[in-house]
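S.K.: Please read through the structure below; I'll follow up with questions.
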Amino acid sequence: MRTSDFDYVLPPELIAQTPIEPRDASRLLVLHRATGTLEHRTFHDIGCVPTYLRPGDLLVANESRVIPARLFGHKAQTGGHVEILLLNKRTDGAWEVLLKPGRRVKPGTKVAIEAPVSAGAETPSDMEPLLAEVIDVTPAGGRVVAFSSPVEPLLDRLGVVPLPPYIHTPLRDVERYQTVYARVRGSVAAPTAGLHFTPELVQTLQSRGVEFAFTTLHVSMDTFRPVQEEDLTEHRMYSELCDLPQATAEAINRARLQGRRVIAVGTTSVRVLETAGRRLQQPSAPLEPFAGPTNLFIYPGFEYRVVNALITNFHLPRSSLLMLVAAFAGKEQMDRAYAEAIRQRYRLFSFGDAMLII
């Protein structure tokens, strides 16, 4: 298939700029794969309509937490302003980052990190100066930086939670860009399908016999970038760190053995589960826990081994996320669902509405 097959006309006014309140008041488009039927509901209905989520279903959600990954500073040599977006921490302790402006920051440049100007704050006087030195250029045109001291303990004081570039309205409460179950720090973007859940909705589902289990995939900006190659088979995903814990693997194995559905909350959960599925000698064999990188790229023709249903948001044209959904729902059915969502003025992307594909 061609990447251009995954393009669509995007009305810019449908890109959600702010989250809706309460979280589960967002709209929900339900796609029944067997019949092609589409239903228009609210996300709260997912806990009320017995045919959507059934007793015994296992929901697997990504509990990664967004870190304050945007840093501000100035070039130590010239004083020029620089923004740093942390992407991935390497095994040698350096970070792969995006810089703004990027092309003019060459290896050897040192950036003095300061408190974010937008917060009206000053760098605490008791802090040692933090320097970031550019040491390399990534194949994608990003940079590799080494910090003068570990940056992670300083992020809450010096960093800002980044929002996707298509969101232009400042966020009043940064917790609104975290899921209610976010626990493991490491993402630079939220696993947005989980943003619709409230603690009360989780409790309602559990009281009805729906089981929850958690995995981790630390989301990088590569997840959202459009696929550039016209032959999508030539696209290569950058690695993102993920973790399928022992308890979650065991919960999935019990559900599969008993014929219960495994439902992924978001495309990031899908990638963890199906990465584990690719490691099986036989598709029906038990999943094994694992922790490490994944660069799994899912597009039509992919054979799902673990996921039986999917909760997801609406995704950018030409993105790998859109291709993953097409591989699960079927390309024609996904196209029809997106066309209907746009006709019905659904809100799109990170703070937008949701789909349930069953």
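S.K.: From Val134, Val105, grab the single residue that is modelled with pLDDT of 95 or more and more than 22 Å from the chain's Cα centre (by Cα).
M.R.: Val134
S.K.: Picking from Thr169, Thr179, which residue would you name as being at negative phi, in contact (Cβ under 8 Å) with a residue 24 or more places away in the chain, touching a Pro at 6+ places or on another chain (Cβ under 9 Å) and hydroxyl-bearing (Ser, Thr, Tyr)?
M.R.: After applying the criteria, what remains is Thr179.
S.K.: If you don't mind, another one. Do we find a residue being within 25 Å of Leu348 (Cα to Cα), in a loop (DSSP other than H, G, I, E, B) and touching a strand residue (DSSP E or B) at 6+ places or on another chain (Cβ under 9 Å) anywhere in region 198-216?
M.R.: no
S.K.: Among Arg271, Arg305, which is the only one that is assigned by TED's automatic domain parsing to the domain that holds Pro55, surrounded by 20 or more Cβ atoms within 10 Å (Cβ to Cβ) and not aromatic (Phe, Trp, Tyr)?
M.R.: Arg271
S.K.: Let me ask something additional. Quick one: Ile311 ticks every box in (1) more than 19 Å from Thr42 (Cα to Cα); (2) out of contact with any His (no Cβ under 6 Å at 6 or more places or on another chain) bar one, so which box is it?
M.R.: Every condition holds for Ile311 apart from (1).
S.K.: Further, regarding this structure: So which residues in region 280-324 are small (Gly, Ala, Ser) and assigned to a loop (DSSP other than H, G, I, E, B), if there are any at all?
M.R.: Those that are small (Gly, Ala, Ser) and assigned to a loop (DSSP other than H, G, I, E, B): Ser284, Ala285, Gly301.
S.K.: Mind listing whichever residues of region 157-167 are loosely packed, with under 10 Cβ neighbours inside 10 Å and either under 14 Å from Leu86 (Cα atoms) or assigned by TED's automatic domain parsing to the domain that holds Ile15 (or both)?
M.R.: Hits for region 157-167: nothing passes.
S.K.: A follow-up question, please. Based on what the data block shows, is Val9 β-branched (Val, Ile, Thr), outside the structural domain of Leu154 (by TED's automatic domain parsing) and within 19 Å of Thr267 (Cβ to Cβ)?
M.R.: So Val9 does not fit the description; no.
S.K.: Return yes or no: is Val66 of a type outside the set (Lys, Arg) and in contact (Cβ under 8 Å) with a residue 12 or more places away in the chain?
M.R.: yes
S.K.: Quick one: would you say Gly47 is in contact with a helix residue (DSSP H, G or I) (Cβ under 6 Å, 6 or more places away or on another chain) and at pLDDT below 95?
M.R.: yes
S.K.: While we're looking at this one, here's another question. Here is a list: Leu85, Leu38, Leu53. Which entry is assigned by TED's automatic domain parsing to the domain that holds Met221 and farther than 19 Å from Ala341 by Cβ?
M.R.: Leu53
S.K.: Turning to a different aspect of this structure: Within region 290-308, track down each residue that is among the small types (Gly, Ala, Ser) and more than 21 Å from Thr3 (Cα to Cα).
M.R.: Once the filter is applied, which keeps residues that are among the small types (Gly, Ala, Ser) and more than 21 Å from Thr3 (Cα to Cα), region 290-308 yields Ala291, Gly292.
The values are calculated or read from the model by the stated rules, or taken from the named source; none is laboratory data. Owing to the predicted nature of the structure, the values given are computational and were not obtained by experimental measurement. All Cβ positions, even for glycine, are placed from backbone atoms using ideal geometry, and neighbour counts span all protein chains on display.
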